Amino acid sequence: MRHEQTRAPVSAGGGGEAARPIGKLAASTMPRTYESPGALILRNWRRLQSVPAGSWIFSRLVGRMVPYTGALGSRVRELRPGYARVELRDRRGIRSHLKSVHAVALVNLGEFTGGLAVLTGLPPTVQGIVTGLKVEYTKKARGKLVAECNADIPAVHGEMDHVVRAEILDAGGDVVAKLAVTWHLRPCPSREQG
């Protein structure tokens, strides 16, 4: 009589680990080809462009991945390696006591736009993180806003800082905020390729 155990026991400490199949490799232990965050973002953007309301769906998905940014309700309108254009509709939930879009909402919009541009422009062998942010407010922000970032990505051979600039414009084309976002870039630690 053949007996095959199909579930691993729950840990003795009662730590709440779920039983999992054994005897077969779990998908999480299988080697995978690494896909950079920027490549994943671009792949999903391109896939959703052929779907009705694809830009809206993409923006909502990104908002679920990054809840703080998702609370803004911004909408990605254009995305390609090193470039992003994101719109933000003026509404009560993001306004300040001055009846204009709150300064921190503008920072969030600009950093998000710059982040999309940088991440989609980085090669899969480079990783980055924001380490600094400088903002200049030039006009009260009201109405529909558009943030744009065209990020030149340098060759990265070692750890380095790189400043990326983004601008936020109102419906009249006036700049309401300028951002300089400092990214710390470095080659990725070696990864096993599957």
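If you plug each phi of segment 141-149 into the Karplus form 6.51 cos²θ - 1.76 cosθ + 1.60 with θ = phi - 60°, what whole-Hz ³J(HN,Hα) values come out, in order, with x for Gly and Pro?
Per residue, the Karplus-derived 3J(HN,Hα) values read 9, 9, x, 5, 10, 10, 9, 9, 9 Hz.
For Leu133, which sequence-distant residues (separation of 5 or more, or a different chain) have an amide H within less than 5 Å of its own amide H, given hydrogens modelled in the peptide plane?
So Leu133 has HN proximity to Thr182.
Pull up all non-local amide H partners of Arg77: gap of 5 or more, or a different chain, and H-to-H distance under 5 Å with H placed in the peptide plane.
Close amide H contacts, sequence-distant or interchain: Arg85, Val86, Glu87.
Read the figures in this text as sums done on the coordinates, not as results from a lab. Given the structure is predicted, the values throughout are model-derived calculations rather than measurements.
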